[in-house]
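Reviewing the structure listed below.
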Amino acid sequence: MNAIGFFSIKTLQGPGTLLAASRHNKRAIQRELGAAAHINASRMALNYSLHGPELPEQVARIAKELKLAAGINKDRKGGILALELLFSLPPATELDTAQYFADCLQWATCNFGGVANVLSADVHLDESAPHMHILILPLIDGRMNGSALIGDRHRLLHLHSDFHSAVAGRYGLSKGPGRLQGRAKEETATGVVQHLKATNDAAQ
C-alpha cells in the first residue's frame, strides 16, 4: 500500500489560540460550515470525540484549571499554550478508522505527557480525508514546557519514526517523506505551481 499515515505537530501561542483551535475541532465556527467550505455539513453527524468535553469553552476552561492547580496564574509571553497533533488517513480509506484513531490517541498519550495532558481528541469524518485533532496541554512537572515535549529535530524525527513503527506501519501505511529543504524544496514548489497552471486548477 502506498497510502501514507500522516502525523504533524502544531504549536498554539497567544491569547485565544487554544479556544479557536477547539472551536474548529468542535465545529463551532459558523463560517466554516457554509456552502464554499471544505466541510460537508451533511456528514458532521459522523464526527465524534475520543476524549474531552463536548464544548470548546469547556476545553479552554479545563486547561486554565489545570494551570491554576499547578500554581500558574499567568501565561508566559510567547510561550506555547498547547500542542495540536493531527493524524490523517487517505481519502476513501478502507481501514477501520475508529480503531486506527484510537491507536493514535493511545500513542499520543504515551509520548506527550500522559492522559492528564490530553485536553481533547476529535475525529472528523466530514472532510475528504478522515483525520483526528488532539489538543495537548504541555504541563510537565508543574511547568508549561511545550518545547520539551516537541524537542529538537532529533526528537521530531524519532516521533515520526516511532509513530510509523507503533501505529501507521501496522496498518500497512507508508511513512511520509522527509521534510524538503534547499533546492529540493524550491524545485518541488516550482513543479506544483507549474502543474496548477498547466491544468488550470482552481487552487490558483
* To do: For segment 46-142, run through the trypsin sites (Lys or Arg not before Pro) and keep only the ones in DSSP coil with at most 14 other Cβ atoms within 10 Å of their Cβ.
  => LYS74, ARG76, LYS77
* Structure fact -> Sorting LEU105, ASN47, LEU18 by the position of each Cα along the dipole of segment 12-152 (Lys, Arg +1; Asp, Glu -1; all at Cβ), the one nearest the positive end of that ordering is LEU18
* Would you mind classifying segment 100-177 by shape? Square roots of the alpha carbon gyration tensor eigenvalues, ordered a ≥ b ≥ c; an a/c under 1.5 is rounded, otherwise it is prolate if a/b is larger than b/c and oblate if not. => oblate
* Structure fact -> In this structure, among LYS26/LYS77; LYS26/LYS67; LYS67/LYS175; LYS77/LYS175, pairs with alpha-carbon gaps over 30 Å are LYS67/LYS175; LYS77/LYS175
* Structure fact -> Summed over the other residues with a beta carbon less than 13 angstrom from that of ASN117, with K and R at +1 and D and E at -1, the charge totals 0
* Asked: Hey, with R₀ at 30 Å, roughly what FRET efficiency would GLU32 and ALA116 work out to, going by the Cβ-Cβ distance, to 0.05?
  -> 0.50
* **Three-way shape label, segment 40-174, alpha-carbon gyration tensor, a/c 1.5** => oblate
* **LEU86 paired with ALA20, simple spin-label distance in nm, labels 7 Å along Cα-to-beta-carbon** => 1.5
* **Distance cut-off 22 Å, percentage of C-alpha pairs in segment 1-99 lying past it** => 44
* Label points 7 Å out from Cα along the Cβ direction at ILE4 and GLU127: separation in nm? -> 1.5
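Taken together, the values in this text are just the output of simple stated rules run on the coordinates, not laboratory data. Fair warning: this is a prediction, and the values are worked out from it, not measured in the lab. As a convention, Cβ positions derive from the backbone with ideal geometry for all residues, glycine included, and neighbour counts pool all protein chains shown.
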